[in-house]
Amino acid sequence: MNVPSGVLALRAKQQEGPLARVRLWDGSTPWLVTRYAEQRALLADPRVSADISRPGYPSSAPVNGSSTVSFILMDDPEHARLRRMVTAPFAIKRVEALRPAVQKIVDELIDDMLAGPKPVDLVEAFALPVPSLVICELLGVPYSDHDFFQDNSKTIIKRDASPEQRMAALGHLAGYLDNLLDEKLASPGDDMLSRLTERIKTGELSRREAAQMGVLLLIAGHETTANMIALGTLALLENPDQLALLRDTDDEKLVVSAVEELLRYLHITHNGRRRVALEDIEIAGQLIRAGEGLIMANDIGNRDPDAFPDPDRLDIRRDARHHVAFGFGVHQCLGQPLARLELQIVYSTLYRRIPTLRLATDLEQIPFKHDGSVYGVYELPVTWWLFPRTADRQRPRQPRGSHESDHRPGQVRRFRTVRGRRRGRVRSARRGRHRRAAQPRPAGGAGRRRPARGGGLPGAGHPHRGVTSGPIQS
Amino acid sequence: MKVTVDEDKCCGAGQCVLIAPEVFDQREDDGIVIILDAEPPEQLRVPVREAAGVCPAAAIVLSEIA
Ligand code: HEM
Ligand code: SF4
């Protein structure tokens with residue numbers, strides 16, 4: 001079975017035991033928690049803190065004490081006080097009511113893609129605009145500013161950004177949100193930011209808290225959902241039997257379970273959940289001391305065979321909804337109902353409306369995100385045949401690649417340039433893999449993942465994400 | 001089976017509502033869990049157990065009634 005090397009490295013640790021010491025970039029040696037059960041137990045434990053400013057917190061990069069992005073890095077009761085102010089719009093029924101609006105957004109973006117030139121970068125044309133348009137609508141943020149906030153949020157999650165760069169990006173966003181709050185105070189609309197200004201007026205929320213919360217809500221669902229759309233599409237294209245199942249089904253339940261399975265399998269928040277122990281905690285025969293850091297590697301937790309049989313297999317029919325892709329404990333993703341809705345609509349619409357969707361480049365040319373805390377692809381050039389049935393019939397008679405003769409030269413060049421610029425990020429691309437990719441894949445679920453060292457599907461790189469050396473003896 | 005919830009613990013992620021909508025809902029104003037049926041019938045035991053199992057905040061407590 002071809003399993004990415006990153007997964008194999010983490011699995012080796014998982015098999016040794018639920019907890020292991022690792023060494024971080026700053027020389028600290030927090031615990032890496034690799035098993036599903038212990039991850040859930042620790043994430044739900046009130047003796048465990050998410051406060052990045054506490055000594056011992058295992059940060060993935062140098063931090064500046066005041067760079068807190070609202071409640072995601074706070075503990076209860078402060079965390080609960082703030083989170084509850086914005087929970088109602090994410091309640092299941094409220095989110096479900098958005099289904100027609102989100103469907104419309106998705107359909108219109110697909111219309112635009114179909115009307116535009118081929119190949120197209122799915123990330124730029126579709127994966128990013130979907131969550132962006134949706135959250136802008138909910139928050140009451142003008143979508144026309146999306147370049148600005150997307151650029152800044154990319155800096156915030158970039159692993160190699162300096163603390164100064166990260167602080168600056170956060171500052172820009174906070175300033176932007178602060179201005180927007182002014183506008184909402186002057187002329188409130190029917191959106192979440194306007195609701196927050198009401199709480200500023202009653203004194204429940206300070207101006208600063210409201211702006212920070214706005215920043216969190218604006219950026220938390222962007223890269224995450226966009227990466228799930230693009231990487232999910234890539235995973236399905238690489239698993240054509242699963243893609244066919246999803247595309248051809250009338251069963252909404254299968255769409256729902258496909259979303260859960262892709263969340264589990266791709267687990268894009270590769271940095272893990274980071275915490276610090278407030279008290280001594282005994283777990284699985286180990287003693288975690290107060291002040292020691294904890295990194296819950298939820299990606300390998302999602303591939304713990306005790307929780308998910310045959311975990312390296314993408315199987316959209318399995319029951320995966322107990323996955324930890326949204327974390328666990330009181331910080332479990334606030335936006336998960338919205339993320340689920342968006343992904344259900346995307347996965348049930350995109351491949352049906354463009355049944356011949358396929359990669360417009362070789363897998364090893366695709367730049368993977370190894371340098372950020374959210375895993376995914378920087379771009380995903382895709383193309384399709386316009387008239388699927390006829391084209392399918394004609395395909396064998398056409399010389400290879402002739403269907404792409406309608407490329408606009410500019411478009412092709414753009415991809416080349418971008419790819420060239422980013423080539424450094426695609427590490428150790430393997431030669432000749434595309435030839436295998438072009439062959440029909442063997443039946444049966446297992447073994448279809450390529451070894452993907454460096455570039456590849458989830459978990460492919462950075463075995464310990466931000467962890468610079470292997471386990472040490474403690 | 002008797003179902004109780006600890007509102008103070010609930011973080012409103014809505015997992016229970018997804019799995020057992022007959023038994024759980026969320027308050028309009030703050031998304032916190034409410035119980036629709038505190039003594040759900042036999043056929044809902046499995047989803048209610050699952051909901052309690054995936055609740056990230058351990059806010060759902062199940063007990064057997066004698
Ligand atoms: C597929 C897409 C998404 C994934 C994989 C994801 C993943 C996560 C994870 C793992 C956490 C937990 C962080 C921790 O425990 O340290 C989290 C928290 C959070 N997410 Fe998401 N998320 C997604 C989409 C969204 C969306 C659409 C929103 C909407 C605005 C959102 C808003 C938040 C917020 C506000 C938190 C902080 C919750 C807290 O600390 O109480 N997320 N997310
Ligand atoms: S699953 Fe738990 S935390 Fe989430 S809404 Fe239900 S009771 Fe609250």
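The values are calculated or read from the model by the stated rules, or taken from the named source; none is laboratory data. None of these values were measured; they are calculated from a predicted model. Note: ideal-geometry Cβ built from the backbone for every residue, glycine included; neighbour counts use all protein chains shown. Ligands, DNA and RNA are stripped out before the accessible areas are found, and what is left, the full protein with its side chains, is counted by its heavy atoms. Shrake-Rupley method; radii C 1.70, N 1.55, O 1.52, S 1.80 Å.
Structural remarks
- Cut-off under 5 Å, modelled amide H: who pairs with B:Val33 long-range: B:Gly12, B:Arg27
- Karplus-derived 3J(HN,Hα), 6.51/-1.76/1.60, for each residue of region A:243-249, Hz, glycine and proline x: 4, 5, 4, 5, 5, 8, 7
- Shielding of peptide A:320-326 by partners, expressed as the average count of other chain Cβ atoms within 10 Å per residue Cβ, is 2.
- Folded to 0 to 90 degrees: helix B:45-54 orientation relative to chain B principal axis, Cα: 40
- Debye intensity ratio in log₁₀ form over the Cα atoms of region A:123-273, taken at each q of 0.12 Å⁻¹: -0.63
- Taking Cα centre as origin and charging only the Cβ of basic (Lys, Arg, +1) and acidic (Asp, Glu, -1) residues, the dipole magnitude of region A:143-202 rounds to 300 debye.
- Across A:Thr197, A:Thr361, the residue with the most accessible area heads the list, and the full order at a 1.4 Å probe is A:Thr361, A:Thr197.
- For region A:89-133, residues shielded by at least 50 square angstrom of accessible area compared with the chain on its own, probe 1.4 Å: A:Ile92, A:Lys93
- Segment A:Ala244-A:Ala290, extension gain: residue separation times 0.36 nm, minus the distance between their alpha carbons: 11.5 nm
- Ordering of A:26-36, A:312-322 by packing [mean C-beta count within 10 Å, highest first]: A:26-36, A:312-322
- Within region A:250-305, the ratio Rg/Rh, alpha carbon atoms throughout and Rh by Kirkwood, equals 1.20.
- Rolling a 1.4 angstrom probe over region A:1-89 with all protein chains present gives an accessible area of which 53% lies on carbon and sulfur atoms.
- Estimated FRET transfer efficiency when R0 is 30 angstrom, pair B:Ser63-B:Asp8 (beta carbons, to 0.05): 0.95
- Annotation for A:Asp306 and B:Asp30: the two label points, set 7 Å from Cα along the Cα-Cβ direction, are 3.6 nm apart.
- P(r) for region A:1-143, from all Cα pairs and a bin width of 10 Å, is 8, 22, 24, 29, 15, 1 %, short bins first.
- Average other protein chain Cβ within 10 Å of Cβ, residues B:47-57: 3
- Solvent-accessible heavy-atom area per residue, rounded to whole Å², over region A:5-383 at 1.4 Å: 35
- Taken one residue at a time, the phi angles of region A:103-111 give Karplus couplings (6.51, -1.76, 1.60, θ = phi - 60°) of 4, 5, 4, 5, 4, 5, 5, 5, 3 Hz. Gly and Pro are set to x.
- The heavy atoms of A:Met74 present about 40 square angstrom of accessible area, all protein chains included, probe 1.4 Å.
- Modelled this way, with points 7 Å down the Cα-to-C-beta line, the labels at A:Thr356 and A:Ser206 are 6.0 nm from one another.
- Fraction of accessible area attributable to carbon and sulfur, chain B (%, probe 1.4 Å): 53
- Minimum 40 Å² accessible area buried by the other protein chains, region B:1-21 residues, probe 1.4 Å, relative to alone: B:Cys11, B:Ala13, B:Gln15, B:Leu18
- The calculated pair-distance distribution of region A:5-383 uses every alpha carbon pair, bins of 10 angstrom beginning at 0, and gives 5, 23, 33, 27, 12, 1, 0 percent.
- Computed with a 1.4 angstrom probe on protein heavy atoms, the A-B interface buries about 1700 square angstrom of accessible area in total.
- Hypothetical label at B:Glu42: residues of region B:14-35 whose amide nitrogen lies under 14 Å (7 Å Cα-Cβ projection): none
- Theoretical gain in end-to-end length, A:Asp26 to A:Asp51 [0.36 nm per residue, Cα-Cα removed]: 7.2 nm
- Binned Cα-Cα distances of region B:2-63, short to long, each 10 Å bin given as a whole percent: 26, 62, 12, 0
- Across the protein chains, with a 1.4 Å probe defining accessible surface, the residues A:Ile105, A:Ile229, B:Ile65 rank B:Ile65, A:Ile105, A:Ile229 from largest area downward.
- Ligands, DNA and RNA left out, the accessible area of region A:197-254 computed with a 1.4 Å probe is 52% carbon and sulfur.
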